[in-house]
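To start, the structure under review is shown below, and the notes come after it.
Every number in this text was worked out from the coordinates using simple rules, so none of it is lab data. Just so it is clear, the model here is predicted, and its values are computed rather than measured. Note that we place each Cβ from the backbone using ideal geometry, even for glycine, and neighbour counts take in every protein chain shown.
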Amino acid sequence: MHFHMIIVAVFWFGFVDSRKIRGISSSYKRFFRERKSFLCIDGSKIIPFEQVNDDYCDCEDGSDEPGTSACPQGRFYCTNLGFRPHYIPSSRVNDGICDCCDASDEYNSHAHCQNACWNLGQRERAYVEGQMRTLDEGLQLKQQLIEEGVLLWREKQAQLRELQQVAEDLQTKLEERRSRKQEADRLKEQTPRPPEAGDGRLFRGQNSTVTGTFKLLDSNKDGSITVDEVQAKVALVHDEERVLSEDEAVALLGGDHQMDLTTFQHTLWDILTNGGRVKIKDTHGAPGVGEDPPLKVADREWEATNLKKVEEAYDTVNMEISDLREKLAIDYGPDWEFLFLNSQCYKLKVYERWGMWEGPPKNQYGRMVYENGEPCWQGGSRSTTVTLTCGTETALRSVKEPSKCQYIMDFQTPVACQPVLKQRGIHSEL
Amino acid sequence: MGGVKRSIIKMATFTGSMAPVLVLWLAMSLSGTWAVDKGNFKTCDQSAFCKRQRALKPGDSPYRALLETMELTNTRLTLQLINDNNKVRLLLELYRLQGNMTRVKINELKPLKPRFEVPDVLITEPSTEPLSLLSQDENGVVLSLGTESQRVIISARPFRLDIMEGPEVLMSLNSRGLLAFEHLRMRKDTQAEPEGEKKEEADPANQAEKEEEEKVDGMWEETFKSHSDSKPNGPSAISLDFSLPGVEHVYGIPEHADTLRLKTTDNGDPYRLYNLDVFQYELYNPMALYGAVPVMLAHKAQRTTGIFWLNAAETWVDISSNTAGKTVFGKMLDYVQGSSETPQTDVRWISESGIIDVFIMLGPTPKDVFSQYASLTGTQSFPPLAAVGYHQCRWNYNDQEDVASVDAGFDEHDIPYDYIWLDIEHTDGKRYFTWDSHKFASPKEMLQALEDKKRKMVAIVDPHIKVDSNYKIHNEIRNKGFYIKNKDGGDYEGWCWPGSAGYPDFTRPDMRAWWASMFAYDQYEGTAENLYTWNDMNEPSVFNGPEVTMHKDAVHGAWEHRDVHNLYGLYVQMATAEGQIQRSGGVERPFVLTRAFFAGSQRYGAVWTGDNAAEWDHLKVSIPMCLSLGLVGISFCGADVGGFFKSPSTELLVRWYQTGAYQPFFRAHAHLDTPRREPWLFGPENTALIRDVVRQRYTLLPYWYQQFYHAYRTGEPIMRPLWVEYPQDPATFALDDEFLIGKDLLVHPVTEEGARGVTAYLPGKDQVWFDVHTFQKHNGAQSLYIPVTMSSIPVFQRGGSIIPRKMRVRRSSSCMTHDPYTLYVALNLQRTAEGELYIDDGHTFNYEKKEFIHRRLSFAKNMLSSVNLATDAEFSTGSWIERIVILGASKPSKVTLKTADGQESQLEFDFDASMSVLTLRKPGVNAGLDWNVMLQ
């Protein structure tokens, strides 16, 4: 019995001593000065001072039990010398799990907690230093990228201006071609329709029947084509101006000096209709145009082709312009620092468009959301949230799919480095 | 977890050739209404034996009792029955069992080969009591059932059985003449046999048979959709009817997504019992679901009885009632007291094979029936305390990092939980007992990190085994010949999560022993003590099988799958639980969740209601579904909180948490295709609502745990319908939107969208109920309108009860082990109250060695005292009594605590006059000791 008394006494002293300070930050100490009574911090109740930290919750606000788990709303202050002080919910006091690195929360449990604050502090400091270095490097890189971005921006602007110039030129040309075509169309309307070609394979600007072509080549209408006639009417596709040599003409006539309709049908006709190497000479502006309907058709189609070419060019240029404009309208950050990422692929294959910046107001460019991606198996479409963090490299760090077709990506890049962060780091409480 | 839909996803990833089929399948499942494809499952008409049996109409039974064959020993009566149509004889056995039960067995006298009798469900061979002959003449026999002037009357022509007490008929068997027994017969290959030979062996029985067979097909072969059942044994169905005079309410025969009170089935299909993986099950119909317990309870104000139909084959149960406009019992009223207006329920059981083995539990109280049934099939296993906490599940937590971040989320938001769950994706290609080496590279570290927070994990282990010669488990099962065989003798293969899979024959004891050994720490690599198991798909689910399950002609040794089907899931859980016990050398309690179950499954762990959906009706039906399971012994029941399929609205999710927190098994779960729904993802307000209700669960853990102990000891349900406690109050008989936990807490969850109030029925004349949140007192025997907000969960404590709570809610239940108790003493009108306090170590089997504290707390004559209820038990706790809250009290002038050593001290107290709540400050006495508190 005597022995028990001693233990109780020792325990009691320990208890009185510790309960005054346990679980309270220095700024709260003024509420817990040893008096006869204790006023709950919310002012709701006065209790005897012995009932502070006596493992029974008396105050509604939990303020009488800062050092025990008695109050459901209570919190316990970990002093954590050497690391960062913080509050834990009172339910974590003596729950057998070490929460405060100074082990102060497990003063009456089976948990064997070591004071780990110094190590944690070391590690944290090392980590913060590392972060600082990353940030410094990152900011330098970011500056470069900003400069590059500005250059790129200007370059794109110049490109835009150039394209606009080209577009103007093309427009002029287009108008010209259009009026020519109209002219050709008008001529066509005045002439009777040529007999319909039986063969579907039309070659450009020419009458397309075998006989018609043969007749066209057979200038003297003697029923056979000669070397002269070939030289007069046939030209190389690539070089219309040059007259074919006699050898070339003979070659086209199958090594002979003349060719009748039957042979023509099986040899030269094929070569002409294939249109690869040689063709019937353009007869534009040649005498006798008015009398020869096939030639007029050729002329009109030639105009149409030219017009189409110009129209296509014009469209292409305009598309490039609008594309470029669209790209230039994207928010690349205040200093165009994100411009360099445009069209870069970081395995964001599902999306080809730039997402929406969705970061919190303080760090608007810290998060980007992509929506309406490829359809998902169960309906709906894929979406991705990309978090941008400061790093010295630009790389995708991780991709997760917490729910089906909803992805979270962690993207590191120097341009996400913020000078503000650096300041915060310097002032961090260590 | 889901059946078919899940299969599509998985299969699509590795079977390109099946793609067109899958797309079609998908299109079908996405179009139209969002519900079960009924065409995948048989109606009675599509199930040949059900159709045949149901074609028999009530009338004179062809069966006659051959009284001259009667043999009566001390323990049993045997008697032959003969079918006058085909002259086939049956053997009737009748036993009087201890505890007011009668067992009736009917088998063929000389079957061609043995018929299946269900093993491993009864915990022992039931003890019998003597039967004695009271009288006998050529019309029948009267036997005494011993107690309470109970008699059995066996009528000879036609055969029927009536069980009577005094002048009252409790139950009649074959009174409608629906006893049917398809005897086993030789297969007749009519095409090969010449006419002459056939005639030679023709006897009257065969003749009748032939006629029978001509009329009815499906006896020797049956096809459903593209599946054919070869039926090598031919027809073997059995059927028997039971009449229940005076009964208008019958319950039980889970699992069905239906009301608590069973409906009559005259205008539709019978209730079906056939364990099936039903994809997106439909509510309020008699279709079969994942589990089957062939036990029905019949209740009237004066008596509760039960029928336990011990048969594991496909079973259908027809219910009709004369008060539901049906007259069935018309002429046979000789035995029945009163007039023809007496209400009566008639029940008829039809099974595909096996024998008739039925236990008639004669009550008379609901608790007697629970104890009678428990004496046959055992009680709810006593789970580790942690399993009664909150479970966080999802298909799937993707990797270790995911697990760590969800775990951290609970701490960050100060929400307690005990188990985090891993679904099938954690494995290496759906090879159970393995881990995905990328996503779960260091499972032991992950488990240790959870252990450091005193938390646990459950990983899924399904019974389908990937056919893969590089997979150890498969190779061993194949080499040992442990797989179920197909009808041709090869290993049965079906399609499931891993693709082609084999199904171990869990009906074999040697297979189960081997399976159990696979849970040893050195076999199941990467596991630790805080890893537990979940058995899903154990109906068994076979994606390409008939009705998404196994072919009935698959072979389990001497028996067909047809005979054992409904038992398979029980065996899987049995073997798994045994494995968990063995890995700890028999020290630690197992925790295993199963989807399929049978009578007796309560002995092996918890059950959940399968793949429900995030719909309000599914929330509602979770109550009758778990109540029905509780009535047949399976107390550890819950539904996926939030709903498995689809995505719940925030309101539904919150309401579901509020309901689930007051159901025995409390687990949130979600389908792979749904967005995340951890409790903190719905804004701070909803996080707070969910936090609050999960914390309510944790404060009540001492009460819940005590209820589990009680269920383990008595077989009484934990979550129970009101009629169980108020059997004479007809207003309670059909209630299934509210329930009791034990007998002291009444819960009426809010299950309506946008609800502004609920009407709860508070039972008990001269009873009072206290709102547990406001302490407001309400009178019993009234319907009370309760206005509700989003934070309301109407819960009432019965006046006259004492409920222990632990108010210091921590990260997990284990963190709260040594915490002090607050006692909520709710006084009744007599100003008395009673309760219990049960404490043990929370995780070992040492409670079997009497290492626990069990105390009775009682308040009477202004004194609250704690006395030992188990003087032979011993356990010490660090927990103490922190606070005593007395509801309905008056203000004392002085409160004195007296401890066991006789010391007295004054307690401070606080009295709230507006609510009559007296709070006694810090008695501080150890919870395991004797003490009393006197109010003066």
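With runs of 4+ DSSP H residues as the only contributors, calculate the mean residue ellipticity of chain B at 222 nm using -39,500 (n - 2.57) per run, divided by the residue total and rounded to the nearest 500. Mind dumping the intermediate values first?
Numbers: 17 runs with 183 residues, N = 936.
Here the helix-only value at 222 nm equals -6000 deg cm²/dmol.
Computed from Cα positions, the angle between helix B:4-14 and the longest principal axis of chain B comes to roughly 90 degrees. Taking Cβ atoms as reference points and 11 Å as the exclusive limit, the residues near B:P749 contribute a net charge of -1, counting Lys and Arg as +1 and Asp and Glu as -1. The residue list B:C815, B:S914, B:T877 was ranked by how far each Cα lies along the charge dipole of segment B:810-936 toward its positive end, using unit charges on Cβ atoms, and B:S914 comes out on top.
Taking all Cα-Cα distances within the protein assembly as shown, those exceeding 43 Å account for 58%.
Per residue of A:398-411, count partner chain C-beta atoms within 10 Å of its C-beta, then hand back the mean as an integer.
Mean number of neighbouring Cβ atoms from other chains: 3.
Positive end of the dipole of the protein assembly as shown (Cβ unit charges, origin at the Cα centre): among A:T392, B:T304, B:L627, the Cα lying farthest that way belongs to B:T304. Based on C-alpha pairs under 8 angstrom that are at least 6 apart in sequence, chain B has a relative contact order of 10 percent. Over chain B, the pair-distance histogram of Cα-Cα distances with 10 Å bins from zero comes to 2, 12, 21, 24, 20, 13, 6, 2, 0, 0, 0 percent, rounded to whole numbers. For segment A:20-115, pairs of C-alpha atoms spaced more than 19 angstrom apart make up 36 percent of the total. No disulfide-compatible partner, judged by a Cβ distance under 4.7 Å, exists for the following cysteines of chain B: B:C393, B:C496, B:C815.
Taken over the C-alpha atoms, segment B:366-512 has Rg and Dmax values of 19.5, 58 angstrom.
Counting every other Cβ atom within 10 Å of each residue's Cβ, B:D841, B:D510 order from fewest to most as B:D510, B:D841. By other beta-carbon atoms within 10 Å, ranking A:E303, B:E412 with the fewest at the front produces B:E412, A:E303.
Ordered by the number of other Cβ atoms lying within 10 Å of each residue's own Cβ, fewest first, A:R382, B:R798 fall into the sequence A:R382, B:R798.
Within 10 Å of each Cβ in B:809-816, how many Cβ atoms from other chains are there, averaged over the peptide? Working shown, then result.
On the way: counts 4, 10, 7, 2, 0, 3, 8, 4.
Across the residues of B:809-816, the mean count of other-chain Cβ atoms within 10 Å is 5.
Roughly how many whole Å is it from the C-alpha centroid of segment A:207-274 to that of segment B:675-745? Comparing the Cα centres of segment A:207-274 and segment B:675-745, I get a distance of 100 Å.
Where nothing but the Cβ of Lys and Arg (+1) and of Asp and Glu (-1) is charged, how large is the charge dipole of the protein assembly as shown around its Cα centre, in debye to the nearest 20?
Values: 150 positive and 190 negative charges, 767 e Å.
Roughly 3680 debye, rounded to the nearest 20.
Residues whose amide H falls under 5 Å from that of B:L97, counting only those 5 or more places apart or on a different chain, are B:T102, B:R103, B:E129, with hydrogens built in the peptide plane.
For the Cα atoms of chain B, what angle does the longest principal axis make with the long axis of helix B:701-714, in degrees from 0 to 90, nearest 10? So the helix axis and the longest Cα principal axis differ by about 30 degrees. Averaged over the residues of B:880-892, the number of partner chain Cβ atoms lying within 10 Å of the residue Cβ comes to 1.
Normalised by the number of residues in segment A:20-115, the mean separation of alpha-carbon contacts (under 8 Å, six or more apart) gives a relative contact order of 19 percent. Seen against the Cα atoms of chain B and their longest principal axis, helix B:204-215 is set at about 70 degrees. Look at the dipole of segment A:20-115 built from charges on Cβ: of A:F38, A:C113, A:S90, the Cα furthest out on the positive end belongs to A:F38.
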